[in-house]
Amino acid sequence: GAGVSQSPSNKVTEKGKDVELRCDPISGHTALYWYRQSLGQGLEFLIYFQGNSAPDKSGLPSDRFSAERTGGSVSTLTIQRTQQEDSAVYLCASSRTHANTGELFFGEGSRLTVL
Amino acid sequence: GQQLNQSPQSMFIQEGEDVSMNCTSSSIFNTWLWYKQDPGEGPVLLIALYKAGELTSNGRLTAQFGITRKDSFLNISASIPSDVGIYFCAGQNQGAQKLVFGQGTRLTINP
């Protein structure tokens with residue numbers, strides 16, 4: 001597609017369940033980022049991929065959070081044993097690494113609600 | 001870690017008014033950027049600044065990269081209803097890929 005695609009757009013889950021969020025970046029973009037946006041808060045960096053490797057995963061809040069990227073394209077963010085404080089909008093973005101202009105192209109986000 | 005402080009957190013203005021918001025950091029950045037987020041969508045880049053002291057315009061938007069590299073401001077002139085949204089500043093370190101974002105300024109416009 002033309003833009004970054006994320007699914008699901010909305011996810012309601014019960015505390016303790018695992019969830020998977022998917023991101024399909026813009027074709028040809030080698031860099032992929034996950035951010036989290038809590039209600040009324042800014043964008044909190046989670047993890048950055050260059051190709052299939054993650055040189056910076058410093059923003060993952062706990063070991064319940066993990067992410068992978070395969071084929072240099074689609075990425076999955078997994079949250080295990082979800083907690084209520086995990087409720088947020090999870091935004092994925094991609095960019096052309098070599099341009100390094102700071103321009104990230106964001107998807108519409110996956111809104112996660114943990115009951 | 002690095003943090004960006006944006007102010008004000010929210011603004012309520014009349015259509016046609018000018019808007020000014022700013023962002024400060026405790027450490028320097030080599031690139032400053034301003035993004036806008038419309039409801040239900042991801043942020044979109046408005047302006048990018050790459051040099052200390054740089055002043056850049058994009059239509060009714062004007063932004064400046066502070067000379068100390070620790071601050072930036074964004075001005076919007078003659079606001080219109082479609083300017084409503086959340087404005088984020090972001091900083092990027094040299095050689096780094098990730099952006100550090102501020103908490104956002106929510107702009108509401110009364111017609």
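The values are calculated or read from the model by the stated rules, or taken from the named source; none is laboratory data. Keep in mind that this is a model prediction, so the values were computed, not measured. Quick reminder, even Gly has a Cβ in these numbers, built from the backbone with ideal geometry, and neighbours come from all protein chains shown.
Residue by residue, here is whether (1) within 12 Å of chain A (Cβ to nearest Cβ); (2) over 24 Å from A:Ser95 (Cα atoms); (3) modelled with pLDDT of 95 or more; (4) not in a strand (DSSP E or B) holds:
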site: B:Phe12; (1), (2), (3), (4): no, yes, yes, no
site: B:Cys23; (1), (2), (3), (4): yes, no, yes, no
site: B:Ser27; (1), (2), (3), (4): no, yes, no, yes
site: B:Tyr35; (1), (2), (3), (4): yes, no, yes, no
site: B:Gly40; (1), (2), (3), (4): yes, no, no, yes
site: B:Lys51; (1), (2), (3), (4): no, no, no, yes
site: B:Ala63; (1), (2), (3), (4): no, no, yes, no
site: B:Thr68; (1), (2), (3), (4): no, yes, no, yes
site: B:Ser79; (1), (2), (3), (4): no, yes, yes, yes
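Filtered by the rule that a residue be farther than 14 Å from A:Ser95 by Cβ, more than 14 Å from the chain's Cα centre (by Cα) and more than 10 Å from chain B (Cβ to nearest Cβ), segment A:29-51 gives a lone residue, A:Leu39. B:Asp83 - would you say it is within 23 Å of A:Leu43 (Cα to Cα), touching a Phe, Trp or Tyr at 6+ places or on another chain (Cβ under 9 Å), acidic (Asp, Glu) and away from every other protein chain (no Cβ under 13 Å)? For B:Asp83, the condition - within 23 Å of A:Leu43 (Cα to Cα), touching a Phe, Trp or Tyr at 6+ places or on another chain (Cβ under 9 Å), acidic (Asp, Glu) and away from every other protein chain (no Cβ under 13 Å) - is not met. Of all the criteria given as (1) within 14 Å of chain A (Cβ to nearest Cβ); (2) of a type outside the set (S, T, N, Q); (3) touching a residue at least 60 places away in the same chain (Cβ under 8 Å); (4) more than 29 Å from A:Gly3 (Cβ to Cβ), the one not satisfied by B:Phe88 is (4).
Annotation: of all residues in segment A:60-84 being crowded, with 16+ Cβ neighbours inside 10 Å, in contact (Cβ under 8 Å) with a residue 24 or more places away in the chain and not in a strand (DSSP E or B), the one that is farthest from the other protein chains (Cβ to nearest Cβ) is A:Thr82.
Being in a loop (DSSP other than H, G, I, E, B) and either surrounded by fewer than 15 Cβ atoms within 10 Å (Cβ to Cβ) or among the hydrophobic types (A, V, I, L, M, F, W, C) (or both) is the filter here; which residues of segment A:22-48 pass it? Break it down stepwise before answering.
Our first condition is that a residue be in a loop (DSSP other than H, G, I, E, B); within segment A:22-48, this holds for A:25-30, A:38-42.
Listed by number, the residues that qualify are A:Ile26, A:Ser27, A:Gly28, A:Ser38, A:Leu39, A:Gly40, A:Gln41.
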